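Written below as structure tokens is the structure these notes are about.
Coordinate-derived values only; no laboratory data. Quick caveat, the model's predicted, so the values are computed rather than measured. Cβ atoms come from the backbone with ideal geometry, glycine included; neighbour counts cover every protein chain shown.
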Amino acid sequence: MGHLTKAETRLRATQLICASCSSTPASAPVACVSVDCPVLYAREGAKRTCESLRRVPAFITSLDKTGGRGLPAPAVDVVDLT
């Protein structure tokens, strides 16, 4: 089982727990904001992991296209502090 598949399985499992606890249908977004709940933190962590892992193929493709230099640097606004 791949990393993304495992992360998506973990995300689905935590979403089901949150949906059950908040009486939300499993297919609906969970609107839980209970900062005392460890499942909330696990769900948010799994969501971030899935988002990161979904970007890996594009990054690898960019390495192939740029000869190993990676994705182009994001545009940054320069602020003159003088």
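Assorted remarks:
- Spherically averaged projected area in nm², based on the convex hull that wraps the Cα atoms of the range 3-66: 5.1 nm²
- Likely footprinting exposure, 8, 44, fewest C-beta neighbours within 10 Å first: 44, 8
- Neighbourhood charge, 13 Å Cβ-Cβ cut-off, centred on residue 13 and excluding it, Lys, Arg +1 and Asp, Glu -1: +4
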